[in-house]
Amino acid sequence: MLPTRDQTARFKNDGYLLYPALFSMDEVAFLDRCIGRLVDANNPHAVCEREGDEVRMIHGVHLQNDSFRRLPRHPDLLRPVEHLLESEVYIYQSRLNLKTGFRSTPIRGYPWHQDFSVWHLRDGMPEPRAIVAFIFLDDVTPCNAPLMVIPRSHLTGHLGRRDPESENYFVVSQDRVTEEFEKGGIVALLGPPGSVLFMHCNLLHASTENISPMRRSLCSFVYSAITNRPRIFDLPNRYTARDFSPLVALPADSIFRCERDDEDNIRRGRR
Ligand SMILES: O=C(O)CCC(=O)C(=O)O
């Protein structure tokens, strides 16, 4: 699958492209089972909420289990990204953002930010030649804290300023967000499970706390153009890639298989 000329133009102009239900319910159910095995407050790759041990995010899922190693090589993810970046790509990061519904510790939202600013300032990624592919693992509705984006904000360049106190390393002021909003509006990205969002790494995005009973989880892979490598390696490989080999697509029907997952999880003692 390759984006059409019209879709490519929309991505360049708006900074994102959403494919509803790209993966089937069975494929999403398979991923959900794999995720269930990783969600554990003792997993060293997990980030918990500040209070309590509710897992908020798991970094580096492609480094932890074979299904998530294969998934970013799915031709329907890899081909569009290569086409939009006009380059071979490597995986810079992967994440699982869990926004469980009602919990004693609510899962917080994410303030307005541009991903590239963090990677540029913190890791020395030279250029905004990266795309985040988000896979929706749940039905994303207006009510369960969807991802919101400001279309065309990726065209403005850096909008934030460095703030070592901030969890995100930088902040975007309300004035800057308002300026971008006045030009591009705000769009909430909704869709059934299996939908895929391709997002330019400079697009302003955010989400709120999930105060609904409905889970809203996303799995994301960050693909970077092959020459666009970070220069600062202060953080472990779950944050800053070390493997810059170009990804090679796998046959689509080889992605959602589980033999190796069981082995991985037995090795990690997580069964
Ligand atoms: O999961 C969300 O709602 C926000 C995710 C996000 O901002 C990110 O992964 O950069």
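The values are calculated or read from the model by the stated rules, or taken from the named source; none is laboratory data. Note that this is a predicted model, so its numbers are computed, not measured. Reconstructed Cβ throughout: ideal geometry from the backbone, glycine too, with neighbour counts over all protein chains shown. These accessible areas exclude ligands, DNA and RNA; they are computed on the full protein's heavy atoms, side chains included. Shrake-Rupley method; radii C 1.70, N 1.55, O 1.52, S 1.80 Å.
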For the stretch 185-258, state which chymotrypsin sites (Phe, Trp or Tyr not before Pro) are in a DSSP loop and have at most 14 other beta carbons lying within 10 Å of their beta carbon.
Phe233
The answer for the chain, accessible area per residue at 1.4 Å probe in Å², is 45 Å²
Simple Cβ-charge dipole of the chain, Lys/Arg +1 and Asp/Glu -1, about Cα centre, in debye nearest 20
300 debye
R0 = 22 Å: FRET efficiency of Met25 with Arg5, Cβ-based, nearest 0.05?
0.15
What the Cα atoms of the stretch 147-215 span along the principal axes, largest first and in whole Å, is 34, 27, 19
Positive-end residue, the chain charge dipole about Cα centroid, Cβ charges, pick of Met1, Gln174, Val89
Val89
If N is the residue count of the stretch 98-204, its Cα Rg over 2.2 N^0.38 Å rounds to 1.12
Relative contact order of the chain: what whole-number percent is it, with Cα pairs under 8 angstrom and at least 6 residues apart?
33 percent
Mean Cβ-within-10 Å packing, highest first, puts peptides 52-58, 249-255 in the order 52-58, 249-255
Prolate/oblate/rounded label for the stretch 194-263 (Cα gyration tensor, a/c 1.5):
oblate
Alpha carbons only, please: Rg and Dmax for the stretch 170-209, in angstrom.
12.3, 35
For the chain, take every pair of Cα atoms, bin their distances at 5 Å starting from 0, and report each bin as a whole percent.
1, 6, 12, 17, 20, 19, 14, 7, 2, 1, 0
Out of residues 5 or more away from Arg56 or on other chains, whose amide H comes under 5 Å of its own, with H placed 1.01 Å from N in the peptide plane?
Val47, Cys48, Glu49
Alpha carbon Rg of the stretch 78-138, scaled by the compact-globule rule 2.2 N^0.38 Å
1.42
Percent carbon-and-sulfur accessible area, the chain, ignoring ligands, DNA and RNA, probe 1.4 Å
52 percent
For the stretch 78-93, list residues with backbone N below 16 Å from a point placed 7 Å from the Cα of Phe233 toward its Cβ?
91-93
